[in-house]
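This report concerns only the one structure given below.
Bear in mind these aren't lab numbers, they're just calculated from the coordinates by the rules spelled out. Treat the numbers as computed from the prediction; the structure is a model and nothing was measured. Neighbour counts run over all protein chains shown; Cβ positions are idealised from the backbone, glycine included.
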Amino acid sequence: MEPIIRVENLTFEYRKVSPEGPATSFRAVDGVTFEVPSGEFVAVLGMNGSGKSTLAKHLNGLLLPTEGDVWIEGMNTREDDHIWNIRSTVGMVFQNPDNQIVSSVVEDDVAFGPENLGVDPMEIRRRVDEALQAVGMYEQRLKAPHMLSGGQKQRIAIAGAIAMRPKCIVFDEPTAMLDPKGRHQVMDIIHRLHEAGITVILITHFMEEAMQADRLIVMKDGRITDDMPPRDFFADRERIQRARLEMPAIIALREELIRQGLPVDASVQTEEELIEAICQLQ
Amino acid sequence: MIRDITLGQYYPEQSVIHRLDARTKILGTLLYIIELFLVNSFAGFGLVILALGVLIGISKVPVRFIFRGLKAVVFIILLTFLLNLFMFDGTVLWHWKFLTITYEGLYRSCFMALRLILLIIGTSMLTLTTKPMELTDGLEKLLKPFNRFGLPSHEIALMMSIALRFIPTLLEETDKIMKAQQARGADFESGNLIQRVKNMIPILIPLFVGSFRIAQDLALAMEARCYHGGVGRTRMKEIVFSRRDGVAGVLLAVFLGIVIASRWMPLP
């Protein structure tokens, strides 16, 4: 079966034109290859400047590769004929909740995508109501977005993506600008969408979020350094350090306990597991 | 505090006027402006005032709300009044040095001031009873026939609605920048006018740069949601004329007839 996303040898260079000296180019993504089968929940983890956001923008043709190819359900993002098809297959939610809302009324904003696709008005209404219920914002449908909290705005943005009935949604650091409560709500919705069969690509620099995925892709300097289940990655202290990521608190504590010579298993990585492990110490 | 601002001056209420199609109200307002310039007697203005009074009554917008809009233009009304007052030759009523008030001047200036006041009250009824988004939607539909002459009606309407949408966002941004600059010791309250305007520069430049960043983000988000112009686009809320609009149209036409007829009546 054709994977929903197939990235082959993707390279992307930003061109920097400076007044003094010749134009230089900066390689943000460097020879990346991977496939995502339908229905998977993939987290892409990396520190700032690792190229993860640039990679995300290639997944629905917002950027086109300098070298290599990206296929969405077998459609190459370079082909202009398929671009609207690709963008309605792969939805996208961005970091800043304010800057991606188009309309001054919540429900009109959710309708924006389907309207662009030329969907029948009755059908748009149905999709908008469904999408707003899915993110728990139906009651706020007539409000103005600037009256809502950051987390609520981000849920509207997610509803806007859902209303286009995508098979896959790429979340580009959706929680980076939210408070803990909003962050939790957004992650909840992401899990529910995954359970409903939508392929989820979550770009993040929060390790706690990355741990919740089925599969983890770690990026550093535009390259993929690790591609494995998050359990395996977080059990390996060397790998975490190599990716120059900050140790999550639970992992740091586990490592410290191990270093002190206590019999704690290296596979421990959630709060519950750690509590369990500590309780079993004499 | 910036969160609480309302866009435009819309007064939320559930009246017949509020529920009229925005197109009816826009065309009605245009007609009203034309009528104000057709009227050539005070009796004619009497008719207009009567009609406007009935309209305000039906719309349930409090009168003090309507007069609030006049405050901003009091100066212009006064200037028009004074200019007209002293500029006409005719029967002298009052004379002092180079200032002369004539009967014609007095008549004329009262006439012009009344016309201006009615113009402002009448047009503000449009924005008081119509949501900004409905206005832009109505405008898009009204301008559609001009598409074939190269007028980008959809783009104009979208630009207007995005501008409205981002007023609160930019206000919040301004607030943030001001606080950041104040934390660095910027002073916006003291000094003379020129000094104070100069002090605004450290706010305006980051705001300007920031608005480009926002525009870039928004363009990307719109593209990701398949925006590709007005062609082949549908609307969730298709605006349609209802029976109300038919009735309003007939009333507007009748009133236009009355105003035109009043021109030929020997009225004061």
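If you filter region A:46-120 for GluC sites (Glu not before Pro), then keep DSSP loop positions with at most 13 other Cβ within 10 Å, what is left? Don't jump to the answer; show the numbers that get you there.
Details: sites: A:Glu67, A:Glu73, A:Glu79, A:Glu107, A:Glu115; in loops: A:Glu73, A:Glu79.
Counting only loop positions with at most 13 other Cβ atoms within 10 Å, the GluC sites (Glu not before Pro) in region A:46-120 are A:Glu79.
If each residue of separation counts as 0.36 nm, what is the full-extension length gain between A:Arg242 and A:Tyr138 once their alpha-carbon separation is subtracted?
Full extension from A:Arg242 to A:Tyr138 adds 33.0 nm.
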Once both axes come from the Cα atoms, what is the angle between helix B:103-129 and the longest principal axis of chain B, in degrees from 0 to 90, rounded to 10?
40
If the elastic network links every pair of Cα atoms under 10 Å, which of A:Gln260, A:Gln212, A:Gln95 fluctuates the most in the Gaussian network model of chain A?
A:Gln260
Extension gain B:Ile76-B:Glu238, at 0.36 nm per residue separation less the Cα-Cα distance, in nm?
54.3 nm
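For chain B, what class follows from the C-alpha gyration tensor (a ≥ b ≥ c being the square roots of its eigenvalues): rounded when a/c is under 1.5, otherwise prolate if a/b is larger than b/c, else oblate? Walk me through the intermediate numbers first.
Working: a/c = 2.44, a/b = 1.28, b/c = 1.91.
In terms of gyration-tensor shape, oblate.
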Rounded to the nearest Å, the spacing of the alpha-carbon centers of region A:249-275 and region A:31-82 is 35
With just the Cα atoms of region B:145-224, tell me how far they stretch along each of the three principal axes, in Å, largest first.
54, 30, 17
Of B:Ser109, B:Met200, B:Ser41, which is farthest on the positive side of the dipole of chain B, counting Cα position, with +1 on Lys and Arg Cβ, -1 on Asp and Glu Cβ, and the Cα centre as origin?
B:Ser41
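Using only the alpha carbon atoms of chain A, find the Kirkwood hydrodynamic radius as the inverse mean reciprocal pair distance, in angstroms to one decimal.
Values: mean 1/r = 0.0494 Å⁻¹.
The answer is 20.2 Å.
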Charged-residue dipole, Cβ positions (Lys, Arg, Asp, Glu), the protein assembly as shown about Cα centre, Debye nearest 20
2860
Most positive-pole-ward Cα, B:Ala72, B:Gly230, A:Phe34, against dipole of the protein assembly as shown from beta carbon charges:
B:Ala72
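Please report the antiparallel percentage of DSSP beta bridges with both residues in the protein assembly as shown, rounded to the nearest 5.
Numbers: 25 of 43 bridges.
The antiparallel proportion sits near 60 percent.
In region B:156-232, which chymotrypsin sites (Phe, Trp or Tyr not before Pro) are in a loop and have at most 11 other Cβ atoms within 10 Å, using DSSP for the loop call?
Values: sites: B:Phe166, B:Phe188, B:Phe208, B:Phe212, B:Tyr227; in loops: B:Phe188, B:Tyr227.
In loop regions of region B:156-232 (DSSP not H, G, I, E or B), there are no sparsely surrounded chymotrypsin sites (Phe, Trp or Tyr not before Pro).
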Expressed in angstrom and rounded, the centroid-to-centroid distance over alpha carbons for region B:159-218 and region A:84-150 is 28
Rounded to the nearest 500, the 222 nm mean residue ellipticity computed for chain A from DSSP H runs (n ≥ 4, each -39500 (n - 2.57)) alone is -10500 deg cm²/dmol
Using a Förster radius of 35 Å, what is the FRET efficiency between B:Cys110 and B:Val63 based on their Cβ-Cβ separation? Nearest 0.05, please.
0.95
Note the direction-averaged projected area, equal to a quarter of the hull surface, for the Cα convex hull of the protein assembly as shown, in nm².
38.0
With contacts defined as alpha carbon pairs under 8 Å and 6 or more residues apart, what's the relative contact order of region B:145-224 in percent?
26
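To the nearest 20 Debye, how big is the dipole of region B:145-224 about its Cα centre, given +1 on the beta carbon of each Lys and Arg and -1 on that of each Asp and Glu? Show your work: numbers first, answer last.
Numbers: 8 positive and 8 negative charges, 33 e Å.
That gives a dipole near 160 debye.
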Once both label points are put 7 Å beyond Cα along the C-beta direction, the B:Phe212-B:Val197 separation in nm becomes 2.4
Nearest-ten-degree value, helix A:180-195 long axis tilted from longest Cα axis of chain A:
80
Check A:Val29: other-chain or 5+ apart residues with amide H under 5 Å from its amide H, H built from backbone geometry?
A:Phe12
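Between A:Val17 and A:Ser149, what is the FRET efficiency for a Förster distance of 51 Å, r being their Cβ-Cβ separation, to the nearest 0.05?
Efficiency, from the Cβ-Cβ distance: 0.80.
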Length gained when the stretch A:Asp227-A:Asp81 is fully extended (0.36 nm per residue, less Cα-Cα span)
49.3 nm
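When the expected Rg is taken as 2.2 N^0.38 Å, what fraction or multiple of it is the alpha-carbon Rg of region A:200-282? Please report the intermediate quantities before stating the final value.
Numbers: Rg = 13.4 Å, N = 83, 2.2 N^0.38 = 11.8 Å.
With N residues counted in region A:200-282, Rg over 2.2 N^0.38 Å equals 1.13.
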